[in-house]
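Each remark here refers to the structure printed beneath this line.
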Amino acid sequence: MPASLIDHSEDLQVVKYQRGGHYHAHYDSTVAGDSKEKRCCGKFEDKEKKTCLMCRYITILLFLNNVTEGGETAFPVADREDLFTGKNFSSNLSRSCEKASLVMKPVKGSALFWYNNELDEESGKMGEVDMLSLHGGCDVIKGEKWIANLWINAPRADQTV
């Protein structure tokens, strides 16, 4: 992976979850809509103002400790497009963690890597959000959970890779 791509991506985010801590299922990249009219955010832009898009093409989630109980990372619809029909899944992982298609136990020193977007076959650039990348953190039942998120952003139009 070119260093320039990492340099223009967001800084590493370290997160601590205590007992009961969780993160409901979500997408790391911006879901379509008015996305064609906005450009990707740069490293130092105010993403809260929503004047640009979160173009997190890749997520690398690092597990920094072993969790005594709970704290899994779950992908409710991984490899299961059929679950989108009639909303047969719950984004509330506090109630449905064990029902997710893929559940990964946090193991210190391990990592998860996934793509958040499809590849646009015409342009060869980042396409629509991969709806199967929906994920979240299940409740920490005992102990605490430490993770680090590294988001690799798609190159902006003005960026050389």
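FYI, it's all coordinate maths here, none of it is from the lab. Please read all numbers here as calculations on a predicted model, not as lab measurements. Cβ sites come from the backbone with ideal geometry, for glycine too, and all protein chains shown count toward neighbours.
Cross-link check: pairs LYS16/LYS105; LYS99/LYS142; LYS99/LYS125 evaluated at a Cα-Cα cut-off of 26 Å; pairs beyond the cut-off: LYS99/LYS125.
Neighbours of SER133, meaning other residues whose beta-carbon lies under 15 angstrom from its beta-carbon, give a summed charge of -4 when Lys and Arg score +1 and Asp and Glu score -1. Highest average first, the peptides 67-77, 13-23, 91-101 ordered by how many other beta carbon atoms sit within 10 Å of their residues are 67-77, 91-101, 13-23. What is the local net charge at SER110, summed over the other residues whose Cβ is closer than 14 Å to its Cβ (Lys, Arg +1; Asp, Glu -1)? Local charge sum for SER110: +2.
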